[in-house]
Amino acid sequence: MSQIDSKSSQNSLFVDIGNTSLKLGYCSSGSWKVPDRDISTTESLIQWLLEEETTFNRIVVASVRKDLTARLQSAITEMEIVLVNLEGINHQRLNYDTPQSLGIDRYLGCLGAWYDCNQPVVVIDSGTACTLDYMDAEGIYQGGVIMPGITVLQNAFNDFAPELPLSERIIPSNWPGKNTAESLQWGQFGLYLDGVRSILARYQKHQGDFRLYLTGGDAKELSRHLNIPCKRDPFLIFKGMVAYLKER
């Protein structure tokens, strides 16, 4: 990632505020790291920044939650906060009919991957939602797919059919399922994997060859089951944020 790991990332704390989670990262001595304590909410981030001495002189924030972003800005006044948002993107880099509703993390993941390889990319961000987005060889974001993450699929039955047992994230050896647990595994984790594979096959058919990148909380688990070449990078969105800052 030497193309985008520049002085612009030094002494900066990168914050990715998602719908249900918060992720932090920073670049030190050319490598990406996370804080050595559990910070998973905006309030815990604010508490940490107010109570601990840090070497950061600015916070770079990409967020899909306006309320949490505003809370961070109101609480942290002694440090520069840089917002990474769609207004800062050259709209010639977006082939998307409703850019005002595009989650900035979807674009940033693709941007980080594209800067890494300078080729067409598909980025799977597997979390609460599983997004599969495409950026072409010229670095133009071309859109993507939003599907339920595996946790959402599992929780749907927990909420609406509580008598059914909890399902493990495995693919049974039997087809079809020979008991209720196996049937649920096929219908939840199997459905999730089949959906991802089908979408990737459609990208291959319509867009041609691409490099595949995985990020998000379920990326490691997903990569074990895809059986296709891919690069897993937990810092991909942060790298996209650095690229965004360089392009401004």
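Quick notes on this one:
- Qualifying positions in region 61-80 - surrounded by fewer than 15 Cβ atoms within 10 Å (Cβ to Cβ), in contact (Cβ under 8 Å) with a residue 12 or more places away in the chain and not small (G, A, S): M79, E80
- Contacts under 6 angstrom Cβ, first residue in region 1-20 being closer than 24 Å to V64 by Cα and at pLDDT 85 or above, partner surrounded by 14 or more Cβ atoms within 10 Å (Cβ to Cβ) and among the polar types (S, T, N, Q), 6 or more apart: I17/S63
- Considering region 31-43, and only residues there that are in contact with a Leu (Cβ under 8 Å, 6 or more places away or on another chain) and in contact (Cβ under 8 Å) with a residue 12 or more places away in the chain, the residue that is nearest to S74 (Cα to Cα) turns out to be T42.
- The listed residue being in contact with a helix residue (DSSP H, G or I) (Cβ under 6 Å, 6 or more places away or on another chain), over 15 Å from A62 (Cβ atoms) and buried (at least 19 other Cβ atoms within 10 Å of the Cβ), out of L222, L236, L214: L214
The rows are residues; the columns are (1) modelled with pLDDT of 95 or more; (2) over 17 Å from Y115 (Cβ atoms); (3) among the hydroxyl-bearing types (S, T, Y).
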| position | (1), (2), (3) |
| --- | --- |
| R202 | yes, yes, no |
| D209 | yes, yes, no |
| T215 | yes, no, yes |
| D218 | no, yes, no |
| H225 | no, yes, no |
| K231 | yes, no, no |
| F235 | yes, no, no |
| K239 | yes, no, no |
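- Flag if T69 is of a type outside the set (A, V, I, L, M) and outside any helix (DSSP H, G or I): no
- The residues of region 72-98 that are assigned to a strand (DSSP E or B), under 21 Å from S21 (Cβ atoms) and not β-branched (V, I, T) amount to a single one, L83.
- Failed criterion for A201 (all others in (1) aliphatic (A, V, I, L, M); (2) exposed (fewer than 14 other Cβ atoms within 10 Å of the Cβ); (3) within 20 Å of G109 (Cβ to Cβ) hold): (3)
- S183 out of contact with any helix residue (DSSP H, G or I) (no Cβ under 9 Å at 6 or more places or on another chain), crowded, with 17+ Cβ neighbours inside 10 Å and small (G, A, S): yes
- Total residues in region 142-185, condition over 30 Å from Q119 (Cα atoms), part of a loop (DSSP other than H, G, I, E, B) and either within 25 Å of the chain's Cα centre (by Cα) or among the small types (G, A, S) (or both): 8
- Test: residue in region 99-121 that is farther than 26 Å from L222 by Cβ, part of a helix (DSSP H, G or I) and not basic (K, R): yes
The values are calculated or read from the model by the stated rules, or taken from the named source; none is laboratory data. Every value quoted in this text rests on a predicted model; they were computed, and no experiment measured them. So basically every Cβ, Gly included, is an ideal-geometry build from the backbone, and we count neighbours across all protein chains shown.
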